[in-house]
Amino acid sequence: MENISHSVPDQDLDLKGEPSTRANSSPNPNARTADAALDFIRRQRALRDDAAPIDKKQLMRKIDYRIVPIMFACYTMQFVDKVNINYAAVMGLNQDLRLQGNEFSWCATAFFIAFLLAEIPTGIFLQKIPTAKYLGFSVIMWGVTTACTAACHNFIGLLIVRIVLGAFEAAIAPCLILITSMWYTKSEQVPRMSLWYSGLGIGQIFGGLVSYGFQHVESSFANWRVMFLALGGVTIAIGIWTLLKLPDTPMTSTWLTEQERLAVLEKVEQNQTGISSTEFKKNQLREVFLDPQIWALVFCTILISISSGVITTYSATVIRGFGYTPKVTALLNMPSGIVSILSTVISGIIVGKTSTRSLWIAALCIPGIVGGALMSFLPVRQKAGNLIGIYLVNAITATLILLYTWLAANVAGHTKRIAASVVVSGSFSIGSIIGPMTFQARDAPGYFPAKVTVLATQGAAAIVALALRFYYDCENRRRDRNERESAGDDKSDTMSNVEWMNLTDRENLTFRYVL
């Protein structure tokens with residue numbers, strides 16, 4: 001096997017701190033460059049050589065019960081607080097704030113512009129600040145911002161709170177991707193990420209019920225204002241819960257024993273993506289922008305999020321355009337959440353067993369294509385067909401989490417993982433900026449250009465996903481071929497040295513990409 005392009009000392013150490021028999025075969029993890037988990041692993045293995053084995057299923061349940069509900073709650077409220085402006089629009093927000101023309105569209109777009117710009121400082125903070133702490137702080141702050149929306153009285157006020165909200169919500173995807181990859185193997189990550197991502201579908205249902213419920217509130221205070229105050233309070237409470245209960249890493253968890261912490265690290269060791277490192281590596285950042293897989297993930301995410309941005313921001317507006325009352329509109333928007341949940345959970349369970357991310361991304365684009373076609377070419381008076389089209393398009397929301405799991409599984413090196421997470425998350429906001437802007441007031445009530453955009457972008461996203469699968473397959477074959485041609489290389493020994501060296505997937509030649 002060819003040498004990894006990384007400076008190495010004359011003698012390597014294995015994970016137990018003993019000299020390796022293969023000097024100069026791979027980089028040496030030292031205190032400055034190695035993953036933070038390495039020192040913990042060495043100490044615990046030295047102390048617990050004769051310890052009784054851990055029940056892995058029981059350990060997995062323990063982690064699931066402690067980690068997944070918090071991530072699920074954070075993502076649910078992230079979605080609800082992002083799209084509650086959608087429900088407020090049919091509750092009288094536009095009239096109360098005297099919004100004209102495309103001002104509502106600009107408020108929706110401003111959120112994603114701020115979301116995109118905030119990804120840069122988010123990446124910097126995540127390199128230096130514990131991920132769980134930064135997530136909890138961000139959740140509290142966007143909860144405060146959501147509550148402040150109730151104080152808006154004009155376009156400028158609404159625009160400002162949407163910008164601030166977008167800036168704080170930018171942390172959600174990078175944080176949850178990093179946290180999930182700390183605790184689970186590549187195959188375990190997919191169903192867990194699908195579970196917390198299903199908060200999007202729950203948010204759609206919950207948002208519809210909340211909107212319907214608050215439309216019955218009779219008060220001198222506008223019902224949409226009461227809704228923002230209530231949702232902001234719930235989000236703040238979840239942020240406090242996150243700060244107090246979500247551990248920063250498996251090594252710092254207070255509800256795991258020392259032996260259980262070691263078992264977690266030994267389990268995720270096979271990922272070769274590491275846990276945490278505060279050292280910023282310029283070469284890893286540079287690699288993000290030179291890596292073809294990152295650009296493919298970015299392009300696919302933009303295409304998918306264009307449709308997602310259209311449907312999540314304007315679904316209630318489109319349904320309202322069919323002539324339904326605001327209360328009925330809120331209820332008719334709820335089946336979209338059911339479609340999102342089913343597509344996310346089912347694909348997550350299957351992909352977790354087969355690892356066919358690319359094929360499922362392409363497959364989930366098909367309902368989006370059909371839904372986009374129904375919305376585009378059926379006349380507005382055919383309400384049933386148009387509603388079915390709207391619901392089918394929501395199947396594409398599951399593709400985004402599969403892209404996130406693809407990133408978590410195939411990008412290694414702590415700086416590179418953070419940078420790739422914020423770049424891909426930022427590309428989501430690019431698509432979400434483009435999507436709502438396809439809705440122009442002059443196109444009402446049919447909004448034909450926006451609907452055709454949904455149709456076209458889903459077809460393109462499927463093609464990009466399959467092309468990325470082909471790239472990964474070629475790269476894996478190339479590495480297998482090089483390994484066979486390199487006589488005398490001991491793969492198992494190399495593996496024992498590289499797992500915690502904070503190497504990228506391109507530096508670590510034992511790394512293999514999932515398809």
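One residue stands out in the range 206-244 among those that are farther than 22 Å from ASP96 by Cα and of a type outside the set (A, V, I, L, M): the one that is surrounded by the most Cβ atoms within 10 Å (Cβ to Cβ), namely THR235.
Note on the range 441-486: residues that are within 24 Å of THR397 (Cβ to Cβ) and either touching a helix residue (DSSP H, G or I) at 6+ places or on another chain (Cβ under 8 Å) or aliphatic (A, V, I, L, M) (or both) amount to 25.
Considering every residue within the range 83-92, establish whether at least one is at pLDDT 90 or above, in contact with a helix residue (DSSP H, G or I) (Cβ under 9 Å, 6 or more places away or on another chain) and not charged (D, E, K, R).
The answer is no, given that none of the residues of the range 83-92 is at pLDDT 90 or above, in contact with a helix residue (DSSP H, G or I) (Cβ under 9 Å, 6 or more places away or on another chain) and not charged (D, E, K, R).
Against the condition crowded, with 23+ Cβ neighbours inside 10 Å, under 24 Å from ALA151 (Cβ atoms) and hydroxyl-bearing (Ser, Thr, Tyr), how does SER105 come out, does it pass? No: the conditions fail for SER105. Looking across the range 220-239, the residues that are over 28 Å from VAL68 (Cβ atoms), part of a helix (DSSP H, G or I) and of a type in the set (A, V, I, L, M) come down to VAL226, LEU229.
Can you spot a residue in the range 285-292 that is in contact with a Phe, Trp or Tyr (Cβ under 8 Å, 6 or more places away or on another chain), buried (at least 23 other Cβ atoms within 10 Å of the Cβ) and either part of a helix (DSSP H, G or I) or of a type in the set (Gly, Ala, Ser) (or both)? No: the range 285-292 contains no residue that is in contact with a Phe, Trp or Tyr (Cβ under 8 Å, 6 or more places away or on another chain), buried (at least 23 other Cβ atoms within 10 Å of the Cβ) and either part of a helix (DSSP H, G or I) or of a type in the set (Gly, Ala, Ser) (or both).
Residues that are closer than 17 Å to SER194 by Cα and crowded, with 24+ Cβ neighbours inside 10 Å within the range 330-340 comprise SER336, GLY337, SER340, listed in sequence order. Cβ-Cβ distance below 7 Å, separation of 6 or more or different chains: which pairs start in the range 426-452 with a residue that is within 22 Å of PHE111 (Cα to Cα) and charged (D, E, K, R) and end on one that is modelled with pLDDT of 75 or more and crowded, with 19+ Cβ neighbours inside 10 Å? Taking only residues 6 or more apart or on different chains, the pairs are LYS451/GLY372; LYS451/MET375; LYS451/SER376.
Take the conditions (1) at pLDDT 95 or above; (2) surrounded by fewer than 23 Cβ atoms within 10 Å (Cβ to Cβ); (3) of a type in the set (Gly, Ala, Ser); GLY143 misses just one of them, which is (2).
The values are calculated or read from the model by the stated rules, or taken from the named source; none is laboratory data. A quick note: this is a predicted structure, and the numbers were derived from the prediction, not measured. Every residue, glycine among them, receives a Cβ derived from its backbone with ideal geometry; neighbour counts consider all protein chains shown.
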